[in-house]
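Student: Attaching a single structure in structure tokens format; questions to follow.
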């Protein structure tokens, strides 16, 4: 059963159910599949607790004060205020919070008793079996954008059409190709990567072909997602200071010529860009690539999960590494929280570099000590951290800063908490310049001016 069907049967909005999953930190894999089929446990929970879900939705839709939230959940006002400050809640001038904040979500963060929820999802899904980690906010944001593909009634009822083009933008190593594949999976389209040599003229089986021929051929296929890397370079605005290659200009013209036909031909083009600042405005115009989706580096909690996932992926329970991890309690997330907190603004790629380096260091030490109970200490962890930090260059930090500027302009309301957290992490790398003292003695007249 699809989520939207369950929501209709229960008379609870699908948006409220999505927000409930986020507020209560439920793993997506325990609740729904990638194409929004509801899992058996979650369907059972929803049907048995429909009264609570309706109460949750009613509260979510209401504008409310701190006092009203505190009264609803029977928590001290001061604790509620502190919890709210850690959310991205917007507040009206009259002190009421917008409907995007849930009293019960606040209560859950303050340790409220919701065993009736977790009894259904008490057995945590193995990290090895996870489809992806964290990013519930980005997943639901993307699924909302893709709703016209999943629910054709939206076009009839609201005139909301399928997007023809999407731009995934974010710093290198943040996982844009992963999310492009995820989009294809959600809407059940075939993923096709547009290779660089497709953009020019080439020979296939002795016949000359070009990008125009390629696009025409793709539009004849059934449900295709075309993934185009380096989108910001290919679609760069034509300005005096920009040296746009002639083949890229030709690619722009061909795409602009055919993009109006993409929707009717069941084609979706997804571009991958480090930044959107230099992309030609014609490309980003309505009906073209007007959907911009930011792909953030993982936050602190996601970094811990990704590290654990990468350290244990495909490991046999009897393997030496798994035994060493288990003896150090490193087969659980809390072990990694401290080192992950030092990896500010690290990309997914840097996290993988860290785990590969750490595995090698653990192996080398084991070969010396021959003891499964060896300690994974600060020396091992910090050595691997230094290796991974090699990619944390000034250029990369500048790309993070540019990404923040892009996302503040294009997606501020959607990702306020992530923006705030990433900005705070980036600022830790910005050196504070100390005021320079003048060389020599200070004259009396200068002292008088200071007084």
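Just so it is clear, none of the values below were taken in a lab; they were calculated from the coordinates. Bear in mind the structure is a predicted one, so any value in this text is a computation, not a measurement. Glycine also receives a Cβ, built like all others from the backbone with ideal geometry; neighbour counts cover every protein chain displayed.
Student: Could you tell me what percent of the DSSP beta bridges with both partners in segment 136-294 are antiparallel, to the nearest 5?
Tutor: Numbers: 4 of 22 bridges.
Taking every DSSP beta bridge with both residues in segment 136-294, the antiparallel ones total about 20 percent.
Student: Considering only DSSP beta bridges with both partners in the chain, what is the antiparallel share in %, to the nearest 5? Write down the numbers at each step before the final one.
Tutor: On the way: 8 of 26 bridges.
If I count the DSSP bridges inside the chain, around 30 percent turn out antiparallel.
Student: In whole Å, how far is the Cα centre of segment 22-89 from that of segment 129-196?
Tutor: Computed from Cα coordinates, the inter-centre distance equals 25 Å.
Student: With Kirkwood's inverse mean 1/r over C-alpha pairs for Rh, give me the Rg to Rh ratio of the chain, two decimals please.
Tutor: Details: Rg = 25.8 Å, Rh = 25.3 Å.
Ratio of gyration radius to Kirkwood radius for the chain: 1.02.
Student: Taking neighbour counts of Cβ atoms within 10 Å as a proxy for exposure, in what order, fewest first, do 412, 228 appear?
Tutor: Ascending number of Cβ neighbours within 10 Å: 412, 228.
Student: At 222 nm, what helix-only mean residue ellipticity would the chain give, in deg cm²/dmol to the nearest 500, using -39500 (n - 2.57) for each DSSP H run of four or more? Spell out each step's value before the answer.
Tutor: Working: 24 runs with 231 residues, N = 451.
Counting only the DSSP helices, I get -15000 deg cm²/dmol.
Student: Out of every Cα-Cα pair in segment 136-294, what percent are more than 24 Å apart? Write out the running numbers ahead of the final one.
Tutor: Working: 4094 of 12561 pairs.
In whole percent, the share of Cα-Cα pairs in segment 136-294 beyond 24 Å is 33.
Student: Another question, if that's okay. What list do you get for 45, 403, 52 if you sort them by fewest beta carbons within 10 Å? Could you put the intermediate results ahead of the total?
Tutor: Working: 45 23, 403 26, 52 17.
Result, fewest neighbours first: 52, 45, 403.
Student: What is the order of 179, 158, fewest Cβ neighbours within 10 Å to most? Please report the intermediate quantities before stating the final value.
Tutor: Numbers: 179 22, 158 10.
Arranged by neighbour count, lowest to highest, 179, 158 become 158, 179.
Student: I've got another one for you. Determine the gain in length on full extension of the stretch residue 181-residue 253; use 0.36 nm per residue of separation and subtract their C-alpha separation, reporting nm with one decimal. Write out the running numbers ahead of the final one.
Tutor: On the way: separation 72, 0.36 × 72 = 25.92 nm, distance 2.57 nm.
The residue 181-residue 253 span can extend by a further 23.3 nm.
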